[in-house]
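Trainee: Right, I'll just put the structure down here and ask away after.
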């Protein structure tokens, strides 16, 4: 820890002096919040658990304790963002969890035994709470011990916070291996006339100077007095505070007599625990009573925990992709851009995929924008309701621009799902024909096959065939022309409107085909005397002249095929020349 920079940061906090008022009937003490509690909004140094103005331990009530006594746990997060972890411990029994005699704080993965702790070191439970307020991360600690048999018992309690989840070998009762940067906060109360404890901190180091000079790394580094720097404050319920009532105890309310309760508040950001360029997360914690405040001689006594916590300077961001329909028949890739420093800054997703940045996103302002998914897709949903914003994160969504903007707070997770609907259209084909039996003009032509995108449908009684479920794009409409009619060539239709065949009114694409019946004309010559005459035949129509002649015996014919009716009536003139 850089002590010089830590000292400089202390100027951010004003020091507040305790104020005393003398009443006409005696001396009364008015508790005035210290700088840490004033900034955090947690009454961390009045020693009474009661919510007097902002927030205090009893503000978590009611709580639910789970597990089996006397090793139950509780956890709760309230609307203001304060998160509580409570750990219960056996007391006044030889089956209580403890450390072997002589075990020191530097001992990693120490063996846990069953033993009864001395009266002043016998803890009943501990509380840990944390929150991020105005960018700073605050930690509050509290301990409860059994009734005391002296009037001014000291208290020396180490609160250890670990980053690893790798369990120590068997016999360590759930302790985890230490990692560089783990945190040890020691609460020292000497039991004198003052009720103010001293709060110190040290970090687990792999190189450098150990707190205990005779030790060598890995070890707990040099101690830093947080109370002297103005980064921590606390209180014990001595006679200046009096008995207090704990309403978050396993069987509330529980009255705690003098010197049975102590608390403290720490600004971890000011204390240098968290930096602006490195994510740090503590997931395990335990408390241990110590024989004294001198780490060189202090022996670890009663063990409470370990338990799960979550104290970190980073949050999480997850962006999910869903298409409608799912699975996506087009296998489309959707592209995203971000602001604020997310890494990677751009990414691409397909249906069912997600971009999970993990819990490694620093608190701050960010945005994620989906690129225009058209023409085949439309952004139809942007839902961030799965987000955890219990620590104050704000999330804004803009469906029109495909953007989610958020001010991420530590420990929160922004979890947003982009839903894109496949844009499909329809083509309605109308088929008409000229048919004398139906009267003049054009009439619906039923039973004619049309093919679009590999699908063939016949026109109905209204001469209509409709094709839907078509992705946006160009399609070829092909007619299977019925015999006796002149059909039309294939036509290209561009689908760019969302529609189905069931729409009323129909909003898709329309295309018309018209069939004209064809006529064959045959002119024949039959010589009554075979070979008696030789004839020629010539027909003139819209397509020109067609000539023909009889055979050797004077018989023959000429057929003009596929004549189209015209308006006015088509005329075909045929001339037969008989030559004897």
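Trainee: So is residue 131 in a strand (DSSP E or B), under 35 Å from the mean Cα position of the chain (by Cα), at pLDDT 95 or above and not assigned by TED's automatic domain parsing to the domain that holds residue 390 or not?
Mentor: no
Trainee: Here's a follow-up. Among the residues of region 173-196, count how many are in contact with a strand residue (DSSP E or B) (Cβ under 6 Å, 6 or more places away or on another chain) and modelled with pLDDT under 95.
Mentor: Going through region 173-196 one residue at a time, the tally reaches 3.
Trainee: Can you pull out the residues in region 457-474 that are under 27 Å from residue 517 (Cα atoms) and part of a strand (DSSP E or B)?
Mentor: 457, 458, 464, 465, 466, 467
Trainee: Taking residue 340 as the residue in question, decide whether it is without any contact (Cβ under 8 Å) to a residue 60 or more places away in the chain and over 28 Å from residue 119 (Cβ atoms).
Mentor: Yes, satisfied.
Trainee: Grab the strands (runs of 3 or more DSSP E) fully contained in region 494-580, keeping just those with 3 or more residues being under 30 Å from residue 478 (Cβ atoms).
Mentor: Correct list: 509-517, 556-563.
Trainee: Taking region 218-254 as the region of interest, how many residues are part of a loop (DSSP other than H, G, I, E, B) and surrounded by 15 or more Cβ atoms within 10 Å (Cβ to Cβ)?
Mentor: Selection size over region 218-254: 13.
The values are calculated or read from the model by the stated rules, or taken from the named source; none is laboratory data. On a predicted model such as this, the values are computed, not experimentally measured, just so you know. Cβ atoms come from the backbone with ideal geometry, glycine included; neighbour counts cover every protein chain shown.
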